[in-house]
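Let me begin by presenting the structure, written as structure tokens, before commenting on it.
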Amino acid sequence: MAASDSDDVNLAYDDTADDDYFYLDDTDEDLHPPQASDSLDDDQLQGSDSRNDDDDDLLQSSDRHDDGDHDCDDNDDGDENALEEDDHDSPISGQNFSVLTEADIRHRIKDNIAEVSSVLSISKNEASSLLLHYNWSVNNIFDSWFADEKAAREKAGLFLEPLIESPDHGSSICVICFEDYPCDETKSTSCGHRYCNDCWSSYIKTAIADGPQSLLLTCPHPSCRAAVGEDMVGLFASEKEKNKYSSYIVMSYIESKKMIKWCPGPGCENAIDFVAGSENLDVSCLCSHSFCWNCTQDAHRPVDCETVTKWMSKNSSESGNVNYILAFTKPCPKCKRPIEKNMGCSHMTCRAPCLYEFCWLCLGDWNNHGTCNRFKGNPEEEKREKAKQYVMKYTHYFERWATNQNSMKKGAADLQKVQTEQIEVLSRIQAQPLAQISFVTEAWKQIIECRRVLAWTYAYGFYLPEECEAKRNLFEYLQGQAESGLERLHDCAEKELQSYLKDKISVEGFIEFRKKLTLLTRVTRNYFDNLVAALQNGLSDVNSGSSSVSKKRKSNWAAAAVNAAPVLDTNINDNSATAPAAAASAMEPWACAYCSYENQSSATNCAMCGRGSWTCDVCTYANSRTSATCAMCTEAPEP
């Protein structure tokens, strides 16, 4: 851009110094725009070519992002090696995304401007204008520039030569206010149209007040498309207006990126950079808010976005009231107003002015009523009964969904208390370094995540088709085991921890507590990971239209347990070729198919969750290792 030749007024920028850009400074402006409600298509989420920019090499988490990781340190006790955490990331440090703070975003903007300026040998003001007009796509700028530099300049409003001759001395008439001013009191952009400082100031301030469209502000001349860039804003805008303009630039950068979205958490100004092709759409911000990348609703694994939309719409709609009226009220036979039975007898009297008396059971006139004990088919009664069952089903699932949602929120509050108060108290009383107590924080993080998953399994169950009985049986079994395991972990972290916050416990006792809580955390995490995978696959373990579990998936559940659990004949000849192999297999530890706990070879049931080692193909009942037939339906296990 070109500015007027003025001896007493200097432009606000030095093209050689990036740090002088006012729009790259951190401000107190609210950078959080209204959250867009549109969702990405599947091909956009899964395709690796969905990015329309060139800053893939800049994808990296912020330092604050990395601070969210916590690993449970090993104990000096040699037995602790068996309790080392798997390579799982905490909810805040997922591999499918990175968190961008305001500083990270501004750094990316600065890098983009510097790159365009360096490659094209133009000023940073001109580079900024190009990026704004090309939606921050560096590749598109380079393609357009090297194909037709003149066209690229015209699109961005960057002119090499002024459109009109502009005097550099004497006086000039401002064509807005039509006043005559000395040349040093007027300014122009690259087009050469000169206006007085007061008119420029009013023009720029009004544009900034109107919103983000001020980023593409052009010369006040009606037919001129010359860009009014950051240099002019820096000259005539106040500090408050500069900060607002700066926030517009950050918003423009984020909204131009398909794979970057603002965190919808209350008051949060971070953004999430999603990795294209990731299957897991749940992301977590540094503010501890977790949400679905696709629909921006709260994180809702294992259900899909469509199910969440239906479920939340149902919870907030009046359809439940209609079903309740249909299920638990009856219309007055005379005035048709719905009536709810609130007393024990069947003699009903409608309210004034109707005052009609009738029988609650048969709706007959009470004055002529005899007996109504004989069965007569009534379509209306059948319809009412179906509605009643539907309301009862919805109430069942909604109550448990809401309970787990509340438990998740309570768990988040408890985690905050643990991090701010209890960790230091525990470290002081038990004389343990903070690094040795991080397992408590990990446990609470896992509780919160599992409560979220468990809550949404009830929405999943509500929409599971009734006709698929085998899938429903399997789902309810897996859900029940998940709930039981989570309750064990929650109870240990919430109640058993209290005794260690009050009195000094022996080192051995504290090590045992740490082993127990760490193991429960790992087992619960593994089980819930498997549960989510199974539900997201549509419970493909169950054959379509069948009441049995497929052999392939059944082997995946219990392969370790079945392979390590042959029933030995104590009379096997030592000279038998199969005896050594069978004996060696029997002496090996076996992994539980449900919670993945590694049991001793002599154990017939899992020491952690109490489940057996093989699952019946017909009824999915978990049987002990020594059972030759299913204890529930007497079917024999498949080879």
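The values are calculated or read from the model by the stated rules, or taken from the named source; none is laboratory data. Since we're looking at a predicted model, the values are computed, not measured. Every residue, glycine as well, gets a Cβ built from its backbone with ideal geometry; the counts of neighbours run over all protein chains shown. SASA here: full protein model, heavy atoms, side chains in, ligands and nucleic acids out. Shrake-Rupley method; radii C 1.70, N 1.55, O 1.52, S 1.80 Å.
A compact table of results
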| item | result |
| --- | --- |
| Proximal lysines relative to residue 388, as straight alpha-carbon distance under 30 Å, when same-chain residues fewer than 8 apart are discounted | 310, 314, 330, 334, 336, 341, 376, 471 |
| Computed lengthening from residue 487 to residue 352, 0.36 nm per intervening residue step minus Cα-Cα distance | 43.3 nm |
| Prolate/oblate/rounded call for region 186-230, Cα gyration tensor, a/c under 1.5 rounded | oblate |
| Charge dipole (debye, nearest 20) of region 388-537; +1 at Cβ of Lys and Arg, -1 at Cβ of Asp and Glu | 200 |
| Full-extension gain in nm, residue 135 to residue 629, via 0.36 nm per residue minus C-alpha separation | 171.2 nm |
| Modelled FRET efficiency - R0 56 Å, residue 103 with residue 540, Cβ distances, 0.05 increments | 0.80 |
| Cβ-placed point charges (K, R +1; D, E -1), dipole of region 214-334 about Cα centre in debye, nearest 20 | 560 |
| Gap separating the Cα centres of region 488-540 and region 160-202, nearest whole Å | 72 |
| Solvent-accessible surface ranking, highest first, for 518, 371, 604 at 1.4 angstrom | 371, 604, 518 |
| Region 107-171: Cα Rg divided by the 2.2 N^0.38 Å rule of thumb | 1.27 |
| Efficiency of FRET between residue 150 and residue 111 - r from beta-carbon atoms, R0 35 angstrom, step 0.05 | 0.85 |
| D (Stokes-Einstein, µm²/s), Kirkwood Cα radius, region 103-257, 1.002 mPa s at 20 °C | 131 |
| Spacing of the two label points (7 Å from each Cα toward its C-beta) at residue 435 and residue 341, in nm | 7.0 |
| Interchain or long-range residues, amide H under 5 Å from residue 270's placed H | 263 |
| Spacing of the two label points (7 Å from each Cα toward its C-beta) at residue 496 and residue 529, in nm | 2.2 |
| Heavy atoms of residue 110 accessible to a 1.4 Å probe, total area in Å² rounded to 10 | 50 |
| Rg/Rg_globular for region 388-537, with Rg_globular taken as 2.2 N^0.38 Å and Rg from C-alpha atoms | 1.22 |
| Length released on extending from residue 506 to residue 304, taking residue separation times 0.36 nm less the Cα-Cα span | 67.9 nm |
| FRET efficiency for residue 240 and residue 360, using Cβ-Cβ distance with R0 set to 56 Å, rounded to 0.05 | 0.20 |
| Distance between modelled label sites at residue 386 and residue 312, nm, 7 Å Cα→Cβ extension | 3.0 |
| Sorted peptide list for 118-126, 523-531, criterion being average Cβ within 10 angstrom, highest first | 523-531, 118-126 |
